[in-house]
Amino acid sequence: MKDWNEDYINNLKEIDKHIKDSTVKLNYEFITEHYFEMYEVALNAGTIMPYRFNAIGLAYIGEEHSRPTKFKNFDPKVKERLVKSYATRNELQYKYKDPNIDPKEKYEKFLDKEIYDFIEEFPQFKDVIINE
């Protein structure tokens with residue numbers, strides 16, 4: 001985790017211990033080790049990273065130009081899929097921002113679901129979850 005703020009990552013792990021409504025336990029070591037590989041693979045397939053990974057990305061403290069992420073796929077269908085993915089994400093964020101929504105539903109239908117969908121599409125990254 002040379003290029004990652006370990007205190008920040010440890011804080012995220014601590015926060016996760018208190019999330020009772022999620023069925024996902026994130027493997028922060030795997031995610032930080034493969035973060036930019038996952039990001040690039042997803043982006044070039046027209047998929048966005050799961051929302052819960054955003055906070056992990058903020059812990060990156062390496063040089064900006066060292067990020068090994070390149071968008072290589074300029075296929076209009078990939079761009080269209082990305083646009084739709086972001087639109088769906090925005091709708092879900094707005095919907096689940098409501099404090100009256102059941103938190104279990106928020107994880108089941110949005111936050112955890114995105115992670116499970118990501119693993120289904122990219123099974124090589126299944127280790128983002130710790131199976132206990």
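The values are calculated or read from the model by the stated rules, or taken from the named source; none is laboratory data. No experiment lies behind these values; they were computed from the predicted model shown. Positions of Cβ are generated from backbone atoms using ideal geometry, with glycine treated the same way; all protein chains shown enter the neighbour counts. Just so you know, the surface numbers come from the protein's heavy atoms only, side chains and all, with ligands and any DNA or RNA stripped out. Shrake-Rupley method; radii C 1.70, N 1.55, O 1.52, S 1.80 Å.
Worth pointing out:
- Taking the convex hull of the alpha carbon positions in the stretch 68-130 and averaging its projected area over all directions gives 5.8 nm².
- Take 84-92, 25-33 and order them by the average number of nearby Cβ atoms within 10 Å per residue, most first; the result is 25-33, 84-92.
- Mean accessible surface per residue for the chain, computed with a 1.4 Å probe while every protein chain stays in place, in Å²: 66 Å²
- Paired Rg and Dmax values of the chain, which use every Cα atom, in angstrom: 15.2, 42
- Carbon-plus-sulfur accessible fraction, the chain (probe radius 1.4 Å, protein heavy atoms only): 51%.
- Long hydrophobic helices in the chain, taken as whole DSSP H segments with a C-alpha length of 18 Å or more on their own axis and mean Kyte-Doolittle hydropathy at least -0.5: 28-45.
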